[in-house]
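Step one of this worksheet: look at the structure below.
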Amino acid sequence: MIRILLHGCCGHMGREVSATALADAGTEIVAGVDRTAGPADYPVYADFSKLTKESADVLIDFSVAAAVDAVLDFAERTGMPAVICTTGLSEAQLTRIAALQEKVAILRSANMSLGVNLLMKLAAEAANVLAAKGFDIEIVEKHHRRKVDAPSGTALAIADEINAACDERFHYVYDRESRHTAREQDEIGISAVRGGTIPGDHDVIYAGDDEVLTLSHRAYSRRIFSQGAVEAAKFLARQKPGRYTMADVIAASLQG
Ligand SMILES: NC(=O)C1=CN([C@@H]2O[C@H](COP(=O)(O)OP(=O)(O)OC[C@H]3O[C@@H](n4cnc5c(N)ncnc54)[C@H](OP(=O)(O)O)[C@@H]3O)[C@@H](O)[C@H]2O)C=CC1
Ligand SMILES: O=C(O)C1=N[C@H](C(=O)O)C[C@H](O)C1
């Protein structure tokens with residue numbers, strides 16, 4: 001039984017992860033941390049001060065960027081493996097995560113779904129061919145009205161994956177409202193739409209002369225993210241300190 005500590009446990013994703021872990025015979029949420037306590041089947045703490053290395057086997061975080069420093073402090077203090085799913089992290093937080101990976105098993109992913117993680121690979125493969133042939137690449141993401149960060153962490157991760165596959169030749173242009181110049185070839189345009197209850201849509205558009213290829217992912221619920229997070233927690237709890245990705249989790253699950 002993998003014992004999970006859930007940060008942001010009373011939020012939308014926190015509640016979804018609680019339901020997924022409850023339905024999974026191999027996991028149990030033993031405690032949560034959230035600034036606003038809501039109903040839960042486990043004790044909920046306002047901060048990490050009363051929690052120790054023995055409190056759980058692994059931590060899952062779905063909160064808000066400003067609260068992630070406390071997660072990193074706790075991981076550093078206890079060495080507890082941490083699955084960090086919160087998006088919109090600062091450069092300083094990303095640098096700190098890179099340093100922490102020497103001491104703690106950490107998996108940070110902007111998207112825990114199987115489909116998006118496959119989309120990232122396909123998007124890089126398509127870019128390799130189509131960018132060389134002069135196609136322009138644009139990413140459009142759509143999310144619910146509550147989302148505070150833009151563009152989505154997933155849109156940035158897709159752009160980074162494409163850029164890595166294309167010798168880092170692209171720079172990113174966010175929305176176009178302030179630009180009054182023609183598009184350059186070595187740019188990836190990234191645009192965000194916010195509204196309603198959309199759980200998360202991502203389109204990667206390759207626009208060439210007289211043809212357009214679009215790779216799309218649609219989340220129809222948040223369960224795909226919570227299932228990925230619980231799988232990642234089960235995987236990470238067994239790992240040595242280091243940096244892990246959802247590709248590692250998916251590869252391990254395919255091996256059975
Ligand atoms: N990697 C992935 O696959 C996915 C990532 N996400 C990311 O996860 C994050 C959370 O999303 P979501 O659940 O929809 O957001 P919610 O706002 O619904 O939940 C966040 C929770 O964290 C709490 N919180 C805020 N500040 C603090 C703090 N300082 N200390 C402790 N808890 C705090 C919030 O409390 P309060 O309500 O009082 O503000 C809330 O309960 C976002 O960054 C989102 O982008 C989401 C889905 C998938
Ligand atoms: O805030 C959300 O809801 C989501 N955030 C993630 C992101 O920023 O990429 C992942 C998912 O699309 C849902």
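No value in this document is a laboratory result; all are computed from the given coordinates. Please read all numbers here as calculations on a predicted model, not as lab measurements. Cβ: placed from backbone, ideal geometry, glycine included. Neighbour counts: every protein chain shown.
List the lysines whose Cα lies under 21 Å from the Cα of Lys121, skipping any in the same chain that are fewer than 8 positions away.
Lys133, Lys142
How high is the relative contact order of the chain? Use alpha-carbon pairs under 8 Å, at least six apart in sequence, and give a whole percent.
22
From the C-alpha coordinates alone, can you work out the Kirkwood hydrodynamic radius of region 38-106, in Å?
Kirkwood hydrodynamic radius for region 38-106: 12.7 Å.
Taking the Cα atoms only, what angle lies between the long axis of helix 91-100 and the longest principal axis of the chain, rounded to 10 degrees?
The two axes meet at around 50 degrees.
May I ask you to list the chymotrypsin sites (Phe, Trp or Tyr not before Pro) in region 210-256 that are in a DSSP loop and have at most 10 other Cβ atoms within 10 Å of their Cβ?
Answer by residue number: Tyr220.
As an exercise, identify the GluC sites (Glu not before Pro) in region 110-172 lying in DSSP coil whose Cβ has no more than 13 other Cβ atoms within 10 Å.
Qualifying residues, ordered by number: Glu168.
Using 1/(1 + (r/R0)^6) with R0 = 35 angstrom and r between the beta carbons of Asp47 and Ala25, what's the FRET efficiency to the nearest 0.05?
Plugging the Cβ-Cβ distance into 1/(1 + (r/R0)^6) gives 0.70.
Using a simple spin-label model with points 7 Å from Cα along the Cα→Cβ vector, what separation in nm is obtained for Ala252 and Ala164?
Going from the Ala252 label point to the Ala164 one covers 1.8 nm.
Output the relative contact order of region 4-135, whole-number percent, from Cα pairs under 8 angstrom with separation of 6+ residues.
Normalised by residue count, the contact order of region 4-135 is 19 percent.
Can you tell me, using C-alpha contacts under 8 Å and at least 6 residues apart, the relative contact order of region 114-218 as a whole percent?
It rounds to 40 percent for region 114-218.
Once fully extended, how much extra length lies between Met1 and Thr245, figured as 0.36 nm per residue of separation less the alpha-carbon to alpha-carbon distance?
85.6 nm
Which loop trypsin sites (Lys or Arg not before Pro) in region 1-110, with loop taken from DSSP, have no more than 16 other Cβ atoms within 10 angstrom of their Cβ?
Passing both the DSSP loop test and the Cβ count: Arg35, Lys50, Lys103.
With θ set to phi - 60°, apply the Karplus curve 6.51 cos²θ - 1.76 cosθ + 1.60 along region 116-125 and write out the HN-Hα couplings as whole Hz, x wherever there is a Gly or Pro.
Those phi angles translate into 5, 5, 6, 3, 4, 5, 5, 5, 5, 5 Hz.
Provide the packing ranking of 26-33, 5-12, i.e. peptides ordered by the mean count of other C-beta atoms within 10 Å per residue, highest first.
Highest-to-lowest ranking by the protection proxy: 5-12, 26-33.
Check Leu59: other-chain or 5+ apart residues with amide H under 5 Å from its amide H, H built from backbone geometry?
Leu5, Ala82, Val83
Can you tell me how the chain classifies by the Cα gyration tensor, rounded, prolate or oblate, using a/c under 1.5 as the rounded cut?
It comes out prolate by the Cα gyration axes.
Given N residues in region 114-218, what is Rg(Cα) / (2.2 N^0.38 Å)?
Computed over Cα atoms of region 114-218, the ratio equals 1.03.
Can you list the lysines whose alpha carbon is less than 26 Å from that of Lys103, not counting same-chain residues fewer than 8 positions off?
Within reach: Lys50, Lys53, Lys234, Lys240.
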